[in-house]
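The values are calculated or read from the model by the stated rules, or taken from the named source; none is laboratory data. Just so we're clear, the structure is a prediction, and the values are computed from it rather than from any experiment. For neighbour counting, all protein chains shown are included, and Cβ atoms are generated from backbone atoms with ideal geometry for every residue, glycine included. Ligands, DNA and RNA are stripped out before the accessible areas are found, and what is left, the full protein with its side chains, is counted by its heavy atoms. Shrake-Rupley method; radii C 1.70, N 1.55, O 1.52, S 1.80 Å.
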Amino acid sequence: MSATDTSTLAVQAATSATGRRISPLASAKLKQNLRWTNWAPAVITFVIAAALWQITAIANPYVIPTIDQVWMSLIKDADTYWANMLVTGLEVAVGASSGIIAGFILAIIMAEFQVMERAVMPLVVVVMVTPIVAIAPALVVAFGFGMTPKFIVTALVVFFPMLVNSLAGLRDVDDRALDVMKTLHASRWEIFRDLRFTGSMPYVFAGLRIALPLAIVGAAVAEFVAAGQQAGLGSLVTIAAAQANLPVTWASIALLCLMGVILISLLALVRKRVLWWSDGAAVGR
Amino acid sequence: METAQPHAGVHIENVSKSFGPEGARTLVLNHVSLSIKMGEFVSVIGPSGCGKSTLLKTVAGLIDADSGVVKVDGMTVKAATKNKMIGLVPQSPALLPWRTVLDNVRLPMTVNPKANANRNLRDPREILESFGLGAALDKYPGQLSGGMQQRVAIARAFVFDPSVLLMDEPFSALDEMNRDAQRLGLLDFWQSNRKAVMFVTHSVPEAIMLSDRIVVMGAHPGHIAEIIDVPLPRPRTIDVYATDEFRDLEGHVRETLREVMGQKSA
Ligand SMILES: Nc1ncnc2c1ncn2[C@@H]1O[C@H](COP(=O)(O)OP(=O)(O)OP(=O)(O)O)[C@@H](O)[C@H]1O
Ligand SMILES: [Mg+2]
């Protein structure tokens, strides 16, 4: 695996080194990615896993459902699943984006004013070490069964990795570029605008890579504790599990997983567009 | 902008600097005095850790001296940086990888724009072309060789027409062949844009090739041991290396460096 990793890395480096507009290398890279040695191992792993699952499911009908049972449930109740997926999707979208923006803005404030880090970071750490599973029911009591507690829980889990990573990124500027800026008597704003902001992006994307899957965890957990609402894939999991309805339980889990895969793939696409200048070896991977 | 001629250039007077916590301070610069006239090229050479970079950073306004005075064109360093009178070429090119070569060179114009008034700003394209980078304007730093990147960094320091150029071992990361080409290129450009230059280097031939004077520093604490004149005629070409005068000077500088290092271990 690591051998193919480094080879794609080298190709990536070559593409970025010759510019984004030049296509021959890009298509060479595509060819490289499409080579069967690249995707076949993963496909084989998935096929084996699915086969093992199916064998286990057939041998233990009350433990896990078979894949075709799950698939049938997905087809039969497609509308219900879609509606619930939208609810969870909305929670993730609203919660994650507010957590991401809040984390990044607080990171900027802390990076520019060290006093703020000393003043606020201890509180942030205290909140973050408190298990989110314990906070969620309390928030439901405070804000009711509506969307608000779900937004808050999702935002909370996203906030910390964003803050920590962005802060590290904003701090990790090229000292020598900073020296050049200082001899030009650059203002703090100019240093932020020209140096820190873009320079922090590899770290920001590393933070997003951690934060986005967590956002789904946050939304699902919030739905578990407020399952009375009966909306969202997380609620669906708890309700179906309580009724020992295995196909629905696992169909919902599969959809949560699918949401995560979609989010991570989108992130990788955006990352490529934004961070084309950062070599793959940098922190942001 | 026009200042009285006698003040033009860099004046360093009795500058001392120590680092470290109270009680365990080490003296890094001990009463260093040096003047660089307008249009004069001065190299600073000396053993590692003798305080060359510290001296350069003091002139750049990146480090405050404990005592002594630094003036640039008769102004304090602070006032000089406010007026963007100092161009810095750091040891690594320190270009912004997400900006094109052209936009990297434009950076000094967009930063602290108040100081752009009444000065002879250069056309970034033109300056890059004269550095042989005309074909690389729209490339990104990651697409350039180390030598090309360093030339971009030098163009970035020249573009806003500072009175003083400070370079800290700008060619140290390049291989020997490349270094020679870069030296000649720099010399060529400087010949028609005579700034006061302070050039830190570890290379004796480089110092001789480029400079009007060579400042030899000693360590523990950092001080100026000797200042050696380089009377070789300008403009200089690669043929200078083969002359007797060059070899004599090289011997002299190396001898002085040996004395300085010996002093340290004694
Ligand atoms: N910010 C700092 N804090 C503490 N000590 C420092 C600092 N900067 C430099 N020094 C010390 O001051 C001394 C001189 O450092 P300086 O970088 O000026 O040396 P130099 O002559 O440029 O060396 P080199 O040729 O290796 O670049 C060194 O002993 C170094 O450890
Ligand atoms: Mg140094």
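Got a sec? Charge dipole of the protein assembly as shown, +1 on Cβ for Lys and Arg, -1 for Asp and Glu; which of B:Leu186, A:Val173, A:Val141 is way out at the positive end?
So the residue we want is A:Val141.
Let me know the mean shielding of B:84-91 by other chains, meaning the per-residue number of their Cβ atoms within 10 Å of its Cβ.
4
Roughly how big is the protein assembly as shown's charge dipole about its Cα centre, with Cβ charges of +1 (Lys, Arg) and -1 (Asp, Glu), in debye to the nearest 20?
Charge dipole of the protein assembly as shown: 880 debye, to the nearest 20.
Once neighbouring chains are kept in place and the probe is 1.4 Å, which whole percent of the accessible area of the protein assembly as shown is contributed by carbon and sulfur?
Summing carbon and sulfur atoms, their accessible area is 63 percent of the total for the protein assembly as shown.
Just how large is the dipole of chain A about the Cα centre, in debye to the nearest 20, putting +1 at every Lys and Arg Cβ and -1 at every Asp and Glu Cβ?
The calculation lands at about 720 debye.
Taking each residue in B:61-74, count the Cβ atoms of any other chain within 10 Å of its Cβ, then average. What number comes out?
1
Skip the ligands, DNA and RNA, and give the accessible area per residue of region B:95-161 with a 1.4 Å probe, whole Å². Intermediate values should be presented prior to the final figure.
On the way: 2610 Å² over 67 residues.
Roughly 39 Å² per residue, with all protein chains present.
Excluding ligands and nucleic acids, what accessible area in Å² is computed for A:Asp175 using a 1.4 Å probe, to the nearest 10?
Estimated to the nearest 10 Å², A:Asp175 gives 110 Å².
Can you work out the Karplus-derived ³J(HN,Hα) for every residue in region A:148-156? Use 6.51 cos²θ - 1.76 cosθ + 1.60 with θ = phi - 60°, whole Hz, and x for glycine or proline.
Values per residue, Gly and Pro as x: 3, x, 6, 4, 5, 4, 4, 4, 4 Hz.
How are the C-alpha pair distances of region A:178-276 spread across 5 Å bins, as whole percents from the shortest bin up?
That works out to 2, 12, 15, 14, 11, 10, 9, 8, 6, 5, 4, 3, 1, 1, in percent per bin.
Would you be so kind as to identify which of B:Gly132, B:Pro108, B:Val159 lies farthest towards the positive end of the dipole of region B:95-161, taking Lys and Arg as +1 and Asp and Glu as -1 on Cβ and the Cα centre as origin?
Result: B:Pro108.
I need the peptides B:88-100, A:251-263, A:57-69, A:212-224 ranked by packing, meaning the mean over residues of other C-beta atoms within 10 angstrom, with the highest value on top.
In decreasing order of mean packing, B:88-100, A:251-263, A:57-69, A:212-224 become A:212-224, B:88-100, A:251-263, A:57-69.
Output the relative contact order of region A:67-278, whole-number percent, from Cα pairs under 8 angstrom with separation of 6+ residues.
29
Work out the mean other chain Cβ neighbour count within 10 Å for the residues of B:95-105 and drop it here as an integer.
Numbers: counts 4, 8, 10, 8, 3, 0, 0, 0, 1, 1, 0.
Average neighbour count from other chains, rounded to a whole number: 3.
Along the charge dipole of region A:67-278, pointing to its positive end and built from +1/-1 on Cβ of Lys, Arg, Asp and Glu, which listed residue (A:Ile75, A:Ile216, A:Leu266) has its Cα farthest out?
A:Leu266
Arrange the peptides B:184-192, A:265-273 so that the one whose residues have, on average, the most other Cβ atoms within 10 Å appears first.
Sorting B:184-192, A:265-273 by mean packing, highest first, produces B:184-192, A:265-273.
Over all distinct alpha-carbon pairs, what is the Kirkwood Rh of region A:90-165 in angstrom?
Working: mean 1/r = 0.0775 Å⁻¹.
For region A:90-165, inverting the mean 1/r across all distinct Cα pairs yields 12.9 Å.
Under 4 °C and 1.567 mPa s, how fast does region A:67-278 diffuse according to Stokes-Einstein, given a Kirkwood radius computed over C-alpha pairs? Answer in µm²/s, whole number.
D = 69 µm²/s.
Once phi is turned into ³J(HN,Hα) by the Karplus curve 6.51 cos²θ - 1.76 cosθ + 1.60 with θ = phi - 60°, what whole-Hz value does each residue of region B:224-232 show in order, with x for glycine and proline?
Listing the rounded values in order: 8, 7, 7, 10, 10, 6, 10, x, 4 Hz.
Return the long-range amide H neighbours of A:Ala226 (sequence gap of 5 or more, or a different chain), with a cut-off of under 5 Å between placed amide H atoms.
Residues meeting the criterion, in which the H sits 1.01 Å from N, do not exist here.
So which of A:Lys31/A:Lys76; A:Lys150/A:Lys272; A:Lys31/A:Lys272; B:Lys17/B:Lys82; B:Lys82/B:Lys139 end up more than 29 Å apart by C-alpha?
A:Lys31/A:Lys76; A:Lys150/A:Lys272; B:Lys82/B:Lys139
Using amide H atoms built in the peptide plane, which far-off residues or other-chain residues are under 5 Å from B:Thr100 H to H?
none
Under 5 Å between amide hydrogens, which residues at least 5 positions from B:Thr76 or on another chain qualify, with H placed 1.01 Å from N in the peptide plane?
Placed amide hydrogens put nothing under 5 Å from B:Thr76.
Just from its helices, what would the mean residue ellipticity at 222 nm be for the protein assembly as shown, if runs of 4 or more DSSP H residues each count -39500 (n - 2.57) and the sum is divided by every residue, rounded to the nearest 500 deg cm²/dmol?
-19000 deg cm²/dmol
Debye sum, Cα scatterers, the protein assembly as shown, no solvent: what log₁₀ I/I(0) at q = 0.07, 0.09 1/Å?
-0.59, -0.83
With solvent modelled as a 1.4 Å probe, how much accessible area in total do chains B and A shield from it at their shared surface, in Å² to the nearest 100? Walk me through the intermediate numbers first.
Working: alone 12320 and 16400 Å², together 26540 Å².
So the total buried area for this chain pair works out to about 2200 Å².
Tell me, what is the percent relative contact order of region B:95-161, built from C-alpha pairs under 8 Å that lie six or more residues apart?
Dividing the mean separation by the residue count of region B:95-161 yields 53 percent.
When only C-alpha pairs under 8 Å and at least 6 residues apart count, what is the relative contact order of chain B, in percent?
It comes to 26 percent, rounded to a whole number.
For region B:130-206 and region B:14-54, compute the distance between their C-alpha centroids and round to whole Å.
With region B:130-206 and region B:14-54 each reduced to a Cα centre, they are spaced 23 Å.
Evaluate the charge dipole of region B:200-245 about its Cα centre and quote only its size in Debye, nearest 20, assuming +1 on the Cβ of each Lys and Arg and -1 on the Cβ of each Asp and Glu.
Dipole about the Cα centre, nearest 20: 160 debye.
Give a residue-ordered list of calculated ³J(HN,Hα) values for region B:112-118 (Karplus: 6.51 cos²θ - 1.76 cosθ + 1.60, θ = phi - 60°; whole Hz; x for Gly, Pro).
6, x, 4, 7, 6, 4, 6
At q = 0.17, 0.18, 0.28 Å⁻¹, what base-10 log of I(q)/I(0) does the Debye formula yield for region B:95-161 when every alpha carbon is treated as an equal point scatterer in vacuo?
Each listed q corresponds, in turn, to -0.52, -0.58, -1.26.
If you average 1/r across every pair of different Cα atoms in chain B and take the reciprocal, what Kirkwood value do you get, in Å?
19.1
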